[in-house]
1. Go through ASP157, ASP6, ASP116 and list them by solvent-accessible area, largest first, probe radius 1.4 Å.
2. Using a 1.4 Å probe over the heavy atoms of the protein chains, calculate the carbon and sulfur portion of the accessible area of the chain as a whole percent.
3. Accessible area, 1.4 Å probe, largest first: how do SER191, SER173 sort?
4. Net charge near LYS63, counting Lys/Arg +1 and Asp/Glu -1 over other residues with Cβ under 13 Å of its Cβ?
5. What pairs in LYS57/LYS101; LYS79/LYS144; LYS3/LYS73; LYS30/LYS73; LYS110/LYS226 have C-alpha atoms more than 22 Å from each other?
6. Can you check what the Kirkwood hydrodynamic radius comes to for the chain, Cα pairs only, in Å to one decimal?
7. Under 8 Å for C-alpha pairs, at least 6 residues apart: give me the relative contact order for region 4-152, rounded to a whole percent.
8. Please list, or write none, the lysines whose alpha carbon is within less than 18 Å of the alpha carbon of LYS185, excluding same-chain residues fewer than 8 places away.
Amino acid sequence: MSKKFDVLWTGGWDSTFRVIQLLLQGVDVKPHYICDPGRDSTTFEISAMHQIRNQLKNNPKVKGNLLPVNIVKFSDFEKYKDIEEAYIDLMKQHYLGEQYKWIADYCRHKNIESIDLSIVSVNSDHFFQQNYARKDYPFSVIFKNLNFPLINMSKNDMREWCVDNGFLPVIESSWFCHSPTRSGKPCGTCSPCIVAMAEGMGYRLPTKAKVRYHFRILPRLKNFLKNHPRFYVYLFKLK
Ligand SMILES: [Zn+2]
């Protein structure tokens, strides 16, 4: 029996890269997709995953099996009090995206020992880099089952790897915008759009999105919150 890896697959660039990488190594991949109610991109991400799956089918380089994706909503899995408390305690030290808390809940609920999260160095800050592997509280509670295999890679490293191995058209079918426009185009102002621009992948954005990128406001508010974690904790508790 071949090895099986659990991977959080969003249909985006980084996690699609991880899926392809494992399949080429001959590892079976069990993808998990958690619907984020704060995003309008779910249908685009799911359709990207379908498209990518079809492109990988019958590719002789793909040695592992891509198992069916487990798609879940927030309401489908339990939320644990101790995980929430650890998250709040961690947030008192530094901002950390709420998705890490949900993923920790999900892993415990589904009994997943280790799940691959495709976080890359560019969108993880210094604090994250220094602390994600810590074994003490509160880090141990949040990061216990989370694995970050791509932490030292950039999108360009992945792009080069895909070019060398003939998977560029596959990874370019990935979806990256969190709040697509009504006509289904990338927005240019959400964080993955900003990362795409910053990492020299602006060619994946339409002109209108590039204009919006240069006039973006919301990400600045987010940066403010990242620099003022106590204020963020306050807002989090209000919800
Ligand atoms: Zn966007």
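1. Details: ASP157 65, ASP6 25, ASP116 0 Å².
Largest accessible area first, the list is ASP157, ASP6, ASP116.
2. Details: 6620 of 12600 Å².
So the carbon and sulfur contribution to the accessible surface is 53 percent.
3. On the way: SER191 55, SER173 20 Å².
The residues order as SER191, SER173, largest area first.
4. Details: positive: LYS3, LYS61; negative: ASP28.
Within the 13 Å Cβ shell, the charges total +1.
5. Working: LYS57/LYS101 34 Å; LYS79/LYS144 16 Å; LYS3/LYS73 27 Å; LYS30/LYS73 17 Å; LYS110/LYS226 30 Å.
Too far apart for the 22 Å limit: LYS57/LYS101; LYS3/LYS73; LYS110/LYS226.
6. On the way: mean 1/r = 0.0532 Å⁻¹.
The answer is 18.8 Å.
7. Values: 208 pairs, mean separation 38.2, N = 149.
Over region 4-152, the number comes to 26 percent.
8. Those lysines meeting the cut-off are LYS208, LYS210.
The values are calculated or read from the model by the stated rules, or taken from the named source; none is laboratory data. Computed from a predicted structure; not experimentally measured. Neighbour counts run over all protein chains shown; Cβ positions are idealised from the backbone, glycine included. For the accessible areas, the whole protein counts, side chains as well, though only heavy atoms, and no ligand, DNA or RNA atoms are used. Shrake-Rupley method; radii C 1.70, N 1.55, O 1.52, S 1.80 Å.
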